[in-house]
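Structure first, commentary second.
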Amino acid sequence: MHRRRFLLGGTATAASWLVVSKATTNTPPPMFASFVSNPELPTLLPADQWPGTPVDANGKFVNHEFPYVNRFSTVVKYWLQPNPQRAEKEADPFQLPVEKTAAFLHSSEDVIVWLGHASFFIRLGGRTFLLDPVLGNLPAFGRRLAELPLAPTALTGIDYILLSHAHYDHCDKPSLVQLYAQNPQVQFLTGLGMKQLLTSWLPGAAVQVAGWYQQYRTEAALRVTFLPSRHWSNRTPWDKNETLWGAFVLQAGGRQVYFGGDSGYGSHFRDAGRLFPGLDVAIIGAGAYAPRWIMAPNHQDPAHAVRAFHDTGAKVLVPMHYGTFNLSGEPRGEPPRLLQAARDTRQLQGELRLLAVGESLTFTR
């Protein structure tokens, strides 16, 4: 991991602030101690515009626009406060529809298939991807509320597994162990700091880690880029922000797909649209957002998801991160209802695809 060292509060830190992004609030810039990257990977932006992914004086990764620390006292406050939407949530009959099928595995067409929560199967230009695959239940979060559309044993012949960050609902050890056993040739693409974790679970696995705005080394017909998101990361109470979080852009076969990972709203969505004009699809989180006082820095509500979609300039919005696990205070069916209302009142400019789990989105051109 390559580091560029700057004095705390120095002019270099201030100069690097917002060279890519312009803050959407009056929050002062965080004081970065240094900037890191993977020296083996190319960076999309020149060094005078992007010195690298910021870290603080303790070597912890920092959001480049909205610094955030998830404090234990905040979590305790969240668990002790009553949910104002509890009665509404308990009365909500919504259930994610599930199409039980593995047919998409046997096709050659470019396709996006939702596997629930933030898990997707994508085929582009003849290459197959799994994004943040979680194939079963989650410890501490309970059982799945929407079935997987196929048997996990059917997921073979996968070329790449992309992991946006280390949180349990995106980086599930049992799922990854099974997938690696079934796909020993698969390559893992993820953020800085993740290689040690993954290789401890998956000895011999091919893992590439990237900083923000870096491109992974793949075959010439494919480009995968790691971009910022507004979030944080950990596996235990003692490893906060030791591994990086982020988003991906996949480019192959004349298509471009943005996958936003976990994120609160920020100008990084607009930057993605500027760097990758003409995005075909933006997969953006629109769930696990209530109550807003704790969730807003890390997860978007439907209104912010729509705003983020517009910022990317993508043609099609595929919302995710709702209906599969019980992670927050809003009713399960509230995200799709609010997104449908935004579409029906023409607040959403573009195509909205509320996928069933297992449903295939194919490209029109």
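Some observations on this one:
- Of the candidates 208, 196, 182, the single residue that is on the phi < 0 side of the Ramachandran plot, polar (S, T, N, Q) and either modelled with pLDDT under 95 or crowded, with 17+ Cβ neighbours inside 10 Å (or both) is 208.
- When restricted to residues that are of a type outside the set (Asp, Glu), under 23 Å from residue 133 (Cα atoms) and part of a loop (DSSP other than H, G, I, E, B), segment 291-338 contains 13.
- When segment 334-358 is filtered for residues that are buried (at least 17 other Cβ atoms within 10 Å of the Cβ) and either in contact (Cβ under 8 Å) with a residue 60 or more places away in the chain or on the phi > 0 side of the Ramachandran plot (or both), the ones remaining, listed by number, are 334, 336, 355, 357, 358.
- Failed item, numbered, when residue 365 is tested on (1) at pLDDT below 95; (2) touching a His at 6+ places or on another chain (Cβ under 9 Å); (3) not hydroxyl-bearing (Ser, Thr, Tyr): (2)
- Summed over segment 104-116, the residues that are outside any strand (DSSP E or B) and touching a strand residue (DSSP E or B) at 6+ places or on another chain (Cβ under 7 Å) give a count of 3.
- The single condition among (1) free of Cβ contacts under 8 Å to residues at least 40 places away in the same chain; (2) assigned to a helix (DSSP H, G or I); (3) β-branched (Val, Ile, Thr) that residue 207 does not satisfy is (2).
- Filtered by the rule that a residue be within 22 Å of residue 299 (Cβ to Cβ) and either assigned to a strand (DSSP E or B) or hydroxyl-bearing (Ser, Thr, Tyr) (or both), segment 135-155 gives 138, 142.
- Here the condition is being buried (at least 20 other Cβ atoms within 10 Å of the Cβ) and among the charged types (D, E, K, R); of 262, 239, it holds for 262 alone.
- Test: residue in segment 50-63 that is among the aromatic types (Phe, Trp, Tyr), in contact with a Ser or Thr (Cβ under 7 Å, 6 or more places away or on another chain) and at pLDDT below 70: no
- Among (1) of a type outside the set (Ser, Thr, Tyr); (2) within 29 Å of residue 52 (Cβ to Cβ); (3) part of a strand (DSSP E or B), the one test that residue 193 misses: (3)
- Enumeration of residues in segment 243-299 that are at pLDDT 95 or above, touching a strand residue (DSSP E or B) at 6+ places or on another chain (Cβ under 8 Å) and of a type in the set (Gly, Ala, Ser): 246, 247, 252, 260, 261, 263, 272, 278, 282, 285, 286, 287
- Residue that is surrounded by the most Cβ atoms within 10 Å (Cβ to Cβ), among those in segment 38-60 that are in a loop (DSSP other than H, G, I, E, B) and touching a His at 6+ places or on another chain (Cβ under 8 Å): 52
- Flag: residue 158 does not match the condition of being among the β-branched types (Val, Ile, Thr), assigned to a strand (DSSP E or B) and within 20 Å of the chain's Cα centre (by Cα).
- Among the residues of segment 320-332, at least one is touching a residue at least 60 places away in the same chain (Cβ under 8 Å) and of a type in the set (A, V, I, L, M).
- Of all residues in segment 161-190 being among the small types (Gly, Ala, Ser) and part of a helix (DSSP H, G or I), the one that is farthest from the chain's Cα centre (by Cα): 181
- Residue list for segment 339-365, filter: in a strand (DSSP E or B), touching a Phe, Trp or Tyr at 6+ places or on another chain (Cβ under 6 Å) and among the hydrophobic types (A, V, I, L, M, F, W, C): 357
The values are calculated or read from the model by the stated rules, or taken from the named source; none is laboratory data. Keep in mind that what you see is a predicted model, and the values were worked out from it rather than measured. Don't worry about glycine lacking a Cβ; one is built from the backbone with ideal geometry, like all the others, and counts go over all protein chains shown.
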